[in-house]
Structure formats: structure tokens, C-alpha cells
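The values are calculated or read from the model by the stated rules, or taken from the named source; none is laboratory data. Since this is a predicted model, take the numbers as computed values, not measurements. Note that each Cβ is placed from the backbone with ideal geometry, even for glycine, and that neighbours are counted across all protein chains shown.
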Amino acid sequence: MAVAAKTAAGRRTRPLLEVIALHKSYGSVQAVRGIDLSLANESYVTLLGPSGCGKTTLLRMVGGFEAIGSGTLMLDGMRLDDLPANRRPINTVFQSYALFPHLSVLENVAFGLSYRAVPKDRIKARAREALATVRMEAMADRRPRQLSGGQQQRVALARAIVNEPRLLLLDEPLSALDRRMRKDMQIELKDLQRRLGMTFLHVTHDQEEAFALSDRIVVMRDGRIEQQGAPGDIYTRPATAYVADFIGGASCLPGRILGPAGKGYAIETALGRHVVPGVAGLSVGARAVLCLRSEQVALGDTGTPAEVTHAVYRGADWLLECVAGGQLFQVAHAGPPPAPGETVRLSFDPDRVWIAREAA
Amino acid sequence: MNRRDLLKTALAGTALGAFGPAFRADAATGILWMTWENLAKDDYLAPFIAANDISLTKTFIGTDDEQFAKLRAGGADSVDLITPGLDKVEYYTASDLLQPIDFARVPNAAKLYDTFKQTPLGKVDGQTYGIPFYWGINPIVYRADLMEAEPDWSVFFEGDAYNGKLAMRDYALEGIMIAAMYLGIPESEMFTMDDRQLAEVKKVLKIQKSKLRTYWNSIGDLTNLFATGEVVCAFSWVPPYYELRAKGIDMGMAKPKEGVIGWCDTIAVPKGVEGARLDAAFALVDYLLGPDYGKMLAVGGPYAQSTSAARDLLSDEQQDKIFVKDLSVMDSFVWKQNPPRYGDWVALWNEVKAS
Amino acid sequence: MRPQSAGNWLALPVVAALGALCLAPLAILFAYSFFSVDFVTISHDPSLKNYARILQSETYRGLIARAFGSGLLVAAITAVIGYPVAWFLAKRAGAAKTMLLTLLLVPLYSGDLLRIFAWRVLLGAEGAINRSLIWLGAIDAPLQGLLFSPLATHIALTYNYLPFMVIGLWLAFESLDDAWLEAAADLGAPGRDRFRRVTLPLTAPGLIAGGLMVFVMVVGDYLTPQLLGGASGVTVISAINDLFGTAFDWPLGSAIAWTMLAILMLCFGAGATLIRRSSLVAEGA
């Protein structure tokens, strides 16, 4: 295959997948509105966002199941736009797995090999190898419906990777599994991606899953990219109030930038002035939010007075909901909780919290 | 049997069940007559009902075969009069289902036309079991506007002029009789044809098939085919002739000199009917052969009864319509009989149709 | 008594009624098929004479073969027409689906006689098609072969029974997940392979079920051939009818009926096996 013949050097210097100014509308609904994205070779990238954010539409356009509205898709420097799905060097693990019910597990895995340059007598052996990779060789002669969800998931994975795609797409692959199985599969997926040295593009609405798997997370909202970066960056340095809220459920206290100060900005909020680090490029007078995660807020003898409204036991600690200045804060609290209605004082370390944009 | 017949059978069965016990509880003598719907219209029977203390229940049949099947299946107990075809009476007598007609109680039988008095059909050992009741002919009916000359039976076997525009009734008995008449086989041999004669019949019937537009099964259907011009000439029953003439189509009716197929239905009394019910049954038979009923049947049918009881009460036109004006027409009739090898006839007919 | 066995007992009257209504007449026919008849007397000495007669008779063999040939032909035609129609209904009709399904069934609400006469009006020598063709100058004289011919019979049979094929296939297409086709494309299969390797095997149960329904109904339909087939409209069913009614040869009629039934049961057995195999796949039993 022409793509496979590209030099290793070429692969390294150029992103594997480039998405340029991609749009897609269904009638008057704009599902994807101007996406630019690059995927590095051998990376694990997650598209993260709530349902309806356009992440699945984006994935389906890359896979070739939806026609693109406008824009360009490049894989290894080759335009994908007009290539039908069956001619793209890309494979997909579908949300429903989409295993062929009339074929055995082995036949499912071998399906794609008949369209690759694989000698006929090697096809079954290659399929068995792929099944071995996902520890499913014992089930080769079963029918898909005879397998558990996790087993089907592995077969779907084997069916895709056996074709050695340049890019593997995973559409909410773990959403049908129970929590425990999901955790196990997360580890297996990450492990598999490392072992095979393949590039995975994974769609999910589950931020925990995104953190567990990704080299890079792309947070999407309303058909646009809200922020992309390494998981640590996204978590500790959210660009917008939306990201801060969606990832880790930070409480966002609106305010106005007074000016640069120290390592960050001085910000005026309903709960006073603070000097806090934040996203680059905020100008004086700009509206911004102070993002406070539950573990960054503590109860103390000093600080802002707040009224406790709820207390939820979480095992390791309690999650308190408190209201101060009309704003709801979540506080992780280790000790015995104050009773609802009680007034407490909230404090935080200004160096550990973060200022984000109000909107993208 | 088609679906409508089935339905009729079922309804008739239901009627039997429903009315059976009811009429017996009545003070008047109740009798049940199994017959064709067009023979038992209320106004035809009103004078009889008015003059007698008899309550009459009617159950209608869809085909002759259905009537026979019902009686054989044990229906004879509840029925007091049936209406089999003259050629079918043999089936009933062979199955020992009938009792002989007591002519002493049917004075109107004296007025039977000679041909009905003399026919050997409907009789066993000189006893009459099915008394001829009403009759008619099945002629050739044709579109006079679309044919050059009056046809005879040969139109179904010779020449190309009307290829694909002819129709034949889908009925083995009559179909084979017509072929035999065309071949000149006399009536005396017709129903006992040997293998050689049957082979000849089969040969000409195959020729006939190639000339047909279709075989017809219902007279209403044939009437439509005449009206649309799909068929210009058919071995038919009489009704389309009058019906389409009334609609302004120039129809013709031919009674071939080689022979005209006559049909006749009889009235018969099942075995086991006795006492007051038997008296009532014979009273009805006598009425059906008498002038009141005959006149109404001639006008309303139009059909001829088997006696001359009503003939003088009819106008020339009415007489002509039911073929009793010139009685010599009866001489050219070939009455339908039940051939002893009827199974072979049916097989032959199917072989021709399937060829 | 456990609830389950109570249920079994409660079902007994239904089973008994079904047995009496469906099986008993068939059993009687079966017994008759070994008897013989002399005029109106049925002889109860069992023999295989009737079956031998069927075997030896070119007419009955031919009629039986013709019936099954027609059944196969019409099943095949309705499959070819019904397949894209069912696909469209299930996958593309969208909001119009209910309306289109209703429209599809409308012909079934009219009587079969009504439909047959409608075909007469269309196909007759003076019918709509012939008149239009003459008016257009395409032909000089009406095409006689349009009506009262095997062509007319098969057009009407196809029309009559197409809905049953479409319904069978439609159900199969409804349960055909588009993701399977996307997966096949994803794995490199071009359009025709997606059809051959995925769509066709997964809709096969519908095809077989629809085909069997059409097949059986065509084999049993004597009215359409009789009223539209013209001089060649004879069917094995009308021959059986003749034997029972006109000829009073119930034994031979029963034997032909049972021969038909046996062949039909074989076809059903084969079809059911095929469906079970493909639904084994679907159900994973």
C-alpha cells in the first residue's frame, strides 16, 4: 500500500492526521463548525465532550461514514476527502461493536484481510494471531452473540487491528461495559496501543476514561474545539470556564481582570480580590472566572463565610456544597462534616487555583 | 367449489341448524326445501303458503355437487325436498337417498310434456325418483354485430376467423357432448363412447382449446366478456343474450341443428320423509308443477316448467322466450346424462385443458 | 400444580381445537387417498392405486410441476422487485414509512375478484394498455396475449403476493443494523461485497420466509389463473376441485391433494432449516 511505503522519517516529521477547517451541517443544524486538528504518529488522542458536541460526527467523517461538509482531511499527506470508507487505511471499533452475527469470531476477524495484500493461506493464521493479541483465540469458533460484552469488545478490536491500519478510530468503545470491565479494558487499550505502535483516535464523554488513556485530549463543545492538550494541562490549566467545569467539576467564580500581577493576574470577584495564575493573554478589564476545584478549597478559621447546604459521603472524604456570595462551591472535606445550615469559612491557596476565560 | 359456494354452503348449514328445530315446534307442518335461490322467490310461493297450513323453510344451494355431498353426509334426515339435476338423480338413487314419487298425490304431473314423461332419466325400475320440474337450453350466444353468420358447433373446431375470440364453459360433461355432436356421434352412443371415440373427441377438443380466449366458469363473467368484446361467441347459458340485448348490444342466439344441449332440474323427496311432512312435500311438488307457479316462473325467470299447465296462460312472446311456442324444438334436444365413465371424461377434459 | 403446568393444561382446548379443525380433515383426506371409488360407492380397501395413477398421468404430473414452477417463478420475481422496495421502506422511507406500508397493503383490502377484474380492464384487448399503445401508434392491432395468457396470470400473481414478500423482507431489513454495513466498508469491502457478504446473508431469513409465503399462496391460487389465464388457466387445484365435485372421485382428489401437501411440507422443511440456520447465527442459540 502506498501509504505504508512512506519512509519512517516522513512519518515522524509530519502529523499522521490533519484536519483542516472541517465543517458539517445537517440541514440547519451545524454539527461541526470549523475544526483544525493534528494527530501525531503513534499517539493516543481522545475527543472528549458531552453528547451532541460533534465528536462522533468528526470521527465518522474521518472514518468515511459521513461526507464532509467543507474542509480537508489529510492522512500521511494524502487527501482523504473523496476516498470511500473501504479505501481508507483506517479501521474503526464501533460503539455497538458491529460484529457480523452470521460469521464466527475467526471469520469476523478475517473479514478485512481478504481486502489486504495477504496471501489466502495466511489469512486464518493472521486472524488467529490478532485474536491471540486480545486473548480471544479460544473463542475463535464461537458466534458473536455467544460472547459477553467485554469479549465482543476484544473481538471488535482484533478485527480492526488485524488490518494494521494507519489510524484506529474508537467510537465510545467502552460505553456498553460495566464499570469494572471498563477499567480493565482501559488498561488493555492503552497497553495495546503502545505495543502495536498504532495511532488511536478515541471518542468518549467520560473524562476519567480520557485521562486514563490519552496522550492528548481534545475537549469539544458545540462543534468546536474548546481546548486541546496533554491531560495534565487540561486539568490544571483549563482554558475556559466550560473546560474547568466539564473536567473535574470546578466551581467557577466570575470576575474581572484588574491587571497582571505576580505569576498571573489580579482578579476582582464577589468574594474579594485575589492574585492567581491563569491563561495567557487576558487583558485588563476582561471578564474571567476563578476556577476552584473541590480539593483546592478548605474549611478554616479564616476566609470567606459560607453556608453549608449539603454533605455527601464519598468514602475517602465528604463532599460539601456551600453557598457564598450567591455562588455554589464544592469542598472536599476529610473530617466529620458540619451540619447543613451551619456557617463555615472557606479558604484556598491562590497559587494552586487558576483563572480561565469566561468563554472560548 | 369456489369461495362463494363454500360460504353459501356454510350459511346453508347454519340455516339448517338454526331453523331445523324451530319449524318443527310450529303448529303448522314444517318442511324444508333445498333448492336454487331463483326458484323459491317469495312471490312465486305466496299462493301455496296462503292456501295451505304449511310453513316452508328454504335453504339455497350453490352447486348440484354441493347438494349431493350434503345429503350423502347425512343431511337427508332434515330435508323434505331437494332439487337435483335430471342427470344427477342417478347419484342419489345409487346412494339410496330418495323415495319414489307418488303420482297419485301429484295430479299436475299428468301435464308433463311427453319428452319428460318418456325420459329414462330420474327413474329406476319404472319408478320415478326425480320428477322433471323446470328446464331450458344451453345454446350458442354470440355478438351478431361482430360475426358474419349465425354459428353452429363447428365454429369451435374449424376455421380461423374467430380464433382467440371464443369461449367454452369449463365443464367436462357439456364440453365433451359438444365435441361428440360436432363429430356426428349419435345421442344413443354419446354417453357410452368407446376409447376410439373418446380419442377422437380429445383430438378435436385440443384444436378447440387453441381457438379459445378462455374457458368460462361464471355466467356473469361471460356476460362481461361479451360486453367488452373479448369474446364474440360462446357456448353459453341464455341470460347474457337477454341481458346484453337490453343494453343495446346486438346479440344472437344459435340452436345448432346437430343438437342443442337441454338441461332439466327435478324435484325429489329424500328417503325417510313421512306422514304429514310427506303430504306437505307432495303438495308443494304439485304446486310447483301447476299453473300459478308456472306462469310466475315463465315471467320472472324466464324459465319453462316441465308441464304444460301454464302454457296457455302465456303470451306468444313469453312462450317463445322459454322455448315452448314451437314444441318441436324439443326434438333436437340432447338431454344431459351421467356417462358411466364420467371419471374418464373428467380426466380427458383436464388433459385437454392442461395440454 | 405448578403455574407452568397449569398453563399447559389451559392450552389444551386450543390445541384440541386446532387439532380437530386443521389436522382431522387432513387425516381424513389422507385415509381417502388410499380408497377407490365406483360411481358413488367408495371402496375402503386400501391401495396405492391413486398415487400410481398420479405418477403415470402426464396431465397430473404436468399440472403439479406447473403449479410449483409458477410458485418458484413468482417467488423469484417478487423477491427481485420486493428486495429494493423493502430496503427503501426500512432504510430510506423515514416519516413516510407508515403511509407507504399502508399503501402497500391497500390492494390486500380489496377482494381478489376485484383485483382480477381490474387487471382485465388494464390488459384486455379493449383495455387501457392496448388502447394507449394503439393511440401512440406503437401497435396496429391489440396485443391479444396480454390478457388470458400465462403472462397475465403471472403479472397478477406477482401483484397479488408482492406485499407478502415485501413484508417479510421489510422485517429483515428493519433488523439489519446499518453499523454492519459500515463495519464491512470500514474493513475494505466495496459495495457489491457488502451486499454479498453482509446484506444478503442477514436478510436471507426474510427472503426465505417471504418466498415460502408467496410460493404457497401461488401454488394454492386457482382463481387468478382461471380468470386471467384463458384457455391455459387450468391448475392442479381446479383439477382437484373437478375430481371432488364433478367426478365424485374423492380418493384420487385426496391423493393429488396429499401429493401437493407432501411436496409443500418438504419445501417448508427445507425453508425452516435454512431459516433456523441463519437465525442460529442471529440468536446464537
Residue pairs within 7 Å by beta carbon, gap of at least six or interchain, first lying in the stretch B:88-100 and on the phi > 0 side of the Ramachandran plot, second β-branched (Val, Ile, Thr) and assigned to a strand (DSSP E or B), listed first then second, are none
Being among the small types (Gly, Ala, Ser) and either in contact with a strand residue (DSSP E or B) (Cβ under 7 Å, 6 or more places away or on another chain) or in contact (Cβ under 8 Å) with a residue 24 or more places away in the chain (or both) narrows A:280, A:311, A:316 down to just A:311
Within the stretch B:334-350, of all residues that are among the polar types (S, T, N, Q) and either part of a loop (DSSP other than H, G, I, E, B) or more than 7 Å from every other protein chain (Cβ to nearest Cβ) (or both), the one nearest to residue C:251 (Cα to Cα) is B:338
How many residues of the stretch A:253-292 are surrounded by fewer than 21 Cβ atoms within 10 Å (Cβ to Cβ) and in a strand (DSSP E or B)? The answer is 15
Next on the checklist: Take residue A:117 and tell me if it is surrounded by fewer than 17 Cβ atoms within 10 Å (Cβ to Cβ), of a type in the set (A, V, I, L, M) and either away from every other protein chain (no Cβ under 14 Å) or over 21 Å from residue C:193 (Cα atoms) (or both).
Outcome noted: no
Taking the stretch C:34-48 and keeping only residues that are surrounded by fewer than 16 Cβ atoms within 10 Å (Cβ to Cβ) and within 14 Å of chain B (Cβ to nearest Cβ), one is left with C:38, C:39, C:41, C:42, C:43
Checked the stretch A:298-329 for anything hydroxyl-bearing (Ser, Thr, Tyr) and assigned to a loop (DSSP other than H, G, I, E, B); matches are A:302
In the stretch B:88-125, anything surrounded by fewer than 19 Cβ atoms within 10 Å (Cβ to Cβ), more than 18 Å from the chain's Cα centre (by Cα), not charged (D, E, K, R) and not in a helix (DSSP H, G or I) is listed as B:95, B:99, B:100, B:124
Only unsatisfied item for residue B:12, checking (1) at pLDDT 85 or above; (2) buried (at least 20 other Cβ atoms within 10 Å of the Cβ), is (1)
Out of (1) in a strand (DSSP E or B); (2) within 29 Å of residue B:115 (Cβ to Cβ), the one residue B:151 does not meet is (1)
Scanning the stretch C:210-235 for residues that are buried (at least 24 other Cβ atoms within 10 Å of the Cβ), more than 16 Å from residue C:263 (Cβ to Cβ) and within 14 Å of chain B (Cβ to nearest Cβ) gives C:224, C:225, C:226, C:227, C:228, C:229, C:230, C:233, C:234
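Residues are listed down the side, and each one gets a yes or a no for (1) surrounded by 15 or more Cβ atoms within 10 Å (Cβ to Cβ); (2) within 30 Å of residue A:111 (Cβ to Cβ); (3) in contact with a Gly (Cβ under 7 Å, 6 or more places away or on another chain):
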| position | (1), (2), (3) |
| --- | --- |
| C:114 | no, no, no |
| C:135 | no, no, no |
| C:142 | yes, no, no |
| C:151 | yes, no, yes |
| C:163 | yes, no, no |
| C:180 | yes, yes, no |
| C:183 | yes, yes, no |
The condition of being modelled with pLDDT of 90 or more, touching a Lys or Arg at 6+ places or on another chain (Cβ under 9 Å) and farther than 19 Å from residue A:266 by Cα holds, among A:356, A:360, A:306, only for A:306
Subset of the stretch B:126-148, residues not in a loop (DSSP other than H, G, I, E, B) and not aliphatic (A, V, I, L, M), comes to B:127, B:128, B:130, B:132, B:133, B:134, B:135, B:136, B:138, B:142, B:143
- Can residue A:305 be described as assigned by TED's automatic domain parsing to the domain that holds residue A:245, surrounded by fewer than 16 Cβ atoms within 10 Å (Cβ to Cβ) and of a type outside the set (Ser, Thr, Tyr)? yes
